[in-house]
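Novice: Dropping the structure in here first, questions after.
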Amino acid sequence: MTETDQSDVKQVSLVAGPEMQGLFGRGDEHARLVEDGLRVRFVVRDGKLTISGSEASVALAEQLVGELVSLVRQGREVGGQEVRLALRHFSQKTEDTFREVQAELIDVSPKKRSVRPKGARQAQYIQAVRENDIVIGIGPAGTGKTYLAMAMAVSALLHKQVSRIILTRPAVEAGEKLGYLPGTLTEKINPYLRPLYDALYDMMEAERAARLIEQGTIEIAPLAFMRGRTLNESFIILDEAQNTTSEQMKMFLTRLGFGSRAVITGDITQVDLPTGRVSGLIEVRGVLKNVPGIRFIHFSEEDVVRHELVQRIVRAYEAYQGPPAEPGV
């Protein structure tokens, strides 16, 4: 704290037991996270938490403590991840409270933990998928675009809102042609689709997922397999959409049938199309920006949630290389 900072002290009443343990964590690890993150100091005496530091930091810490205590009172288990997410939330200064973001819940399986958003943008994304037939999520890796779309698809199938899930992505990347790769067509395609399988198996038991794939209730296929089809009562996810051509994107969008929803995800800074080819994901922003029923959600490096280092890596590359160009524009 510099000499020009106004210091402040606030007190928060806490109930001994669950509230104190939930807020501070084992060995006071949660308290240390907040102290280091907001540059404040915590002191507990006679059931009261005293927060000291700069006026702005103390105000943020008081709000954060209030939000975490409210979660504990609701019976939620508050761990280190929740504390880190709360710190991220307050650093981004969003209009939604942390409790409102955490209230968004996606039920994916009776035997799996429900999926919750890890930030305000993810909560906005989930709400967009609930309210629109087509949602297009654009942003860097690690922002949860595909994972949350998968969770929404599995939840829709669980609640019988759709009769099947179709997961697809372009099968040709970085200039490689499938015909040059060894093995059968299935063996050639599977490595491209592996991330979709990984997300699916994270949402439901492996045996159930395998059975649904065998029955055709869940279909994982390259984008080329979508041509000529009309997909009714389906939840369709197009992943890695930055590697679609203009023609492929139009083809995919016109596959949507009655009772279906589609989520399109991609990172426009990672286009692997040959030079001179326009990315369908970049083009679609201008084509569909004013079409009712279609919602665009834009993620940034601040929304990266895989690991603290991932966010730092993205920022370091941007600082080194400058702002990313948008290929194909």
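Novice: Out of curiosity, is R39 farther than 20 Å from S13 by Cβ, modelled with pLDDT of 80 or more and out of contact with any Ser or Thr (no Cβ under 6 Å at 6 or more places or on another chain)?
Specialist: no
Novice: Just wondering, is there one or more residues in region 305-328 that are closer than 18 Å to L148 by Cβ, at pLDDT 85 or above and open to solvent by 40 Å² or more (accessible area, probe 1.4 Å)?
Specialist: Scanning region 305-328, I find no residue that is closer than 18 Å to L148 by Cβ, at pLDDT 85 or above and open to solvent by 40 Å² or more (accessible area, probe 1.4 Å), so the answer is no.
Novice: Is it the case that L256 is in contact with a Leu (Cβ under 8 Å, 6 or more places away or on another chain), closer than 15 Å to S163 by Cα and open to solvent by 40 Å² or more (accessible area, probe 1.4 Å)?
Specialist: yes
Novice: Please determine, by comparing only the residues of region 196-207 that are open to solvent by less than 60 Å² (accessible area, probe 1.4 Å) and in contact (Cβ under 8 Å) with a residue 24 or more places away in the chain, which one is nearest to the chain's Cα centre (by Cα).
Specialist: The qualifying residue nearest to the chain's Cα centre (by Cα) is A199.
Novice: Confirm whether Q242 is without any contact (Cβ under 8 Å) to a residue 60 or more places away in the chain, of a type outside the set (D, E, K, R), touching a Gly at 6+ places or on another chain (Cβ under 6 Å) and over 30 Å from L87 (Cβ atoms).
Specialist: yes
Novice: While we're looking at this one, here's another question. For the structure I just gave you, tell me whether R26 is open to solvent by 30 Å² or more (accessible area, probe 1.4 Å), on the phi > 0 side of the Ramachandran plot and within 33 Å of the chain's Cα centre (by Cα).
Specialist: So R26 fails the test.
Each row is one residue, and each column tells you yes or no for (1) over 28 Å from I268 (Cβ atoms); (2) at pLDDT 90 or above; (3) among the polar types (S, T, N, Q); (4) buried (at least 19 other Cβ atoms within 10 Å of the Cβ).
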position	(1), (2), (3), (4)
E214	yes, yes, no, no
R229	no, yes, no, no
S234	no, yes, yes, yes
A241	no, yes, no, yes
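Novice: Within region 124-167, can you find the residues that are more than 18 Å from the chain's Cα centre (by Cα) and not in a helix (DSSP H, G or I)?
Specialist: Those that are more than 18 Å from the chain's Cα centre (by Cα) and not in a helix (DSSP H, G or I): D133, H159, K160, Q161, V162, S163, R164, I165, I166.
Novice: Right, another one. If you scan region 135-148, which residues turn out to be open to solvent by less than 20 Å² (accessible area, probe 1.4 Å) and more than 17 Å from A120 (Cβ to Cβ)?
Specialist: If the condition is that a residue be open to solvent by less than 20 Å² (accessible area, probe 1.4 Å) and more than 17 Å from A120 (Cβ to Cβ), then I136 is the only one that fits.
Novice: Still on this model: Given (1) open to solvent by less than 40 Å² (accessible area, probe 1.4 Å); (2) among the polar types (S, T, N, Q); (3) modelled with pLDDT under 95, identify the lone condition not met by T265.
Specialist: Among (1) open to solvent by less than 40 Å² (accessible area, probe 1.4 Å); (2) among the polar types (S, T, N, Q); (3) modelled with pLDDT under 95, the lone unmet condition for T265 is (3).
Novice: While we're looking at this one, here's another question. Being closer than 30 Å to F90 by Cα, modelled with pLDDT under 95 and of a type in the set (D, E): is that true of E207 here?
Specialist: Taking the combined requirement at face value, the residue does not satisfy it.
The values are calculated or read from the model by the stated rules, or taken from the named source; none is laboratory data. Because the structure is predicted, anything quoted here is derived from the model rather than measured. Please note: Cβ atoms are built from the backbone with ideal geometry, for glycine as well, and neighbour counts cover all protein chains shown. Quick note on the areas: whole protein, heavy atoms, side chains included, nothing else; ligands and nucleic acids left out. Shrake-Rupley method; radii C 1.70, N 1.55, O 1.52, S 1.80 Å.
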